[in-house]
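**Student:** The structure that follows is given in the form of structure tokens.
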Amino acid sequence: MTPPRAPGRRELLRGVALAGLAGAGLSSCAGGDGPRRTDSVRIILGHGAAPGNPRSEGALVFQRLVAEKSDGEVEIQILGQESVGSDTEMMVSVAAGTLDMTINSQGPFSSYVPEASLIGLPFLFESSQHAYEVLDGEIQDSIAALAQDKGFHVLGFWDNGMRDITNSVHPIEVPDDVAGLKIRTPDDPMTIDIFGELGANPTPMAFGELYLGLRQGAVDGQENPVVNIHSSSLHEVQEHLAVTGHKYEMNPFVMSSTRWESLDPEIRTVIEEAGLEAQQEQRRLMNAQSEEIYAEFEEILEVTRPDRSLFREATLPVYERWQQEHPEFFDQITAAADALRAAHEESAA
Ligand code: TK8
């Protein structure tokens, strides 16, 4: 499997800026006459979502809950909207310990924990609800154990939703309509594999560059949950939406293991509890916003609802490849998803 990518020059520069920030946080904690319980702890949280996106809202809920539960002792400083780097860059910074925590994306996380990519196997989940039930137990535990070895403490899996395809070339009705399209993907080997299998030209690009990339025609289309499409205004530069629900992604909420281990046990409990409560709220917002946005998109985009079984069939070779790559985790996640599938088939949109 590919090792974590080496940071580029831009990432290193950002790393230096972040190290400055982290240093400022540390010195303010260590100030005064020795450590006191009343000394405040500042933790820096980076994410890539736009304002109003459930991930941004959830981060604010987390910030408020941590302040409340710690009586103001712990301050979460949020740096959102890729202001401290793309998802990939933030993963590098957390691994290096220059950023404390990030609510990130599945692809960039999977360059450290390749098994996480399998959460995005095509059509593995009928709905987000199905995914929560499968992920929230032993699957998250397995991923967290693997992440621990790479220097990440997993606090939860937030919801990055079921993904659909937009483009500006033509409506997508059948898998063949995807062939030949230049589709931006996240830095995620699973998505690249799926779109390669469909005959598209998958083009990885940072999310923050996507709006311009679509507007300038560097790519024809992209795939994301409608909530992300909407909060980043991608619908302004796209004409067609195909409701494929081709894969699910979670947003890994991770903290640098070194920073986690340096915290008092009471503070860890506060962070854990606040993280789970904020996750519930983030998931609730994802579902509520999705419904409204699908209705709004019906008015402004040409919306197609392709027969998913055709896409499922067209992407079966993807299953074979990933089964060979990670047989143990493949069996674990597909068995867990299948065990709960029947209960979710009817409720799927
Ligand atoms: C924004 C990304 C976005 C992801 C992507 O931070 O890159 O397409 O789906 O949500 O995380």
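The values are calculated or read from the model by the stated rules, or taken from the named source; none is laboratory data. Note that this is a predicted model, so its numbers are computed, not measured. Using ideal geometry, Cβ is built from the backbone for each residue, glycine included, and neighbour counts are taken over all protein chains shown.
**Student:** Within region 182-211, restricting attention to residues that are in a loop (DSSP other than H, G, I, E, B) and within 16 Å of the ligand (Cβ to nearest atom), which residue is surrounded by the most Cβ atoms within 10 Å (Cβ to Cβ)?
**Tutor:** Ranking the candidates gives Pro186 first.
**Student:** Continuing with this model, one more query. Quick one: what pairs do we get from region 188-208, first residue over 27 Å from Ala50 (Cα atoms), second surrounded by fewer than 17 Cβ atoms within 10 Å (Cβ to Cβ), C-beta under 6 Å, 6+ apart or different chains?
**Tutor:** That search, which allows pairs on different chains as well, returns Glu197/Pro317; Gly199/Ala179.
**Student:** Filtering region 221-245 down to residues that are of a type in the set (Asp, Glu) and not in a helix (DSSP H, G or I), which residue is farthest from the ligand (Cβ to nearest atom)?
**Tutor:** Result: Glu239.
**Student:** Let me ask something else about it. Before we move on, is Asp159 closer than 26 Å to Ser262 by Cα and of a type in the set (D, E, K, R)?
**Tutor:** When the stated conditions are applied, Asp159 does not pass them.
**Student:** Are there helices (runs of 4 or more DSSP H) fully within region 85-169 with at least 2 residues that are within 14 Å of the ligand (Cβ to nearest atom) and either of a type outside the set (A, V, I, L, M, F, W, C) or modelled with pLDDT under 95 (or both)? List them.
**Tutor:** So the answer is 87-96, 106-110.
**Student:** Additional query: For region 48-75, name all the residues that are buried (at least 21 other Cβ atoms within 10 Å of the Cβ), closer than 25 Å to Asp264 by Cβ and under 20 Å from the mean Cα position of the chain (by Cα).
**Tutor:** Scanning region 48-75 gives Gly58, Ala59, Phe62.
**Student:** A further question follows. Regarding region 276-284, can at least one residue be identified that is crowded, with 19+ Cβ neighbours inside 10 Å and within 14 Å of the ligand (Cβ to nearest atom)?
**Tutor:** Looking through region 276-284, at least one residue is crowded, with 19+ Cβ neighbours inside 10 Å and within 14 Å of the ligand (Cβ to nearest atom).
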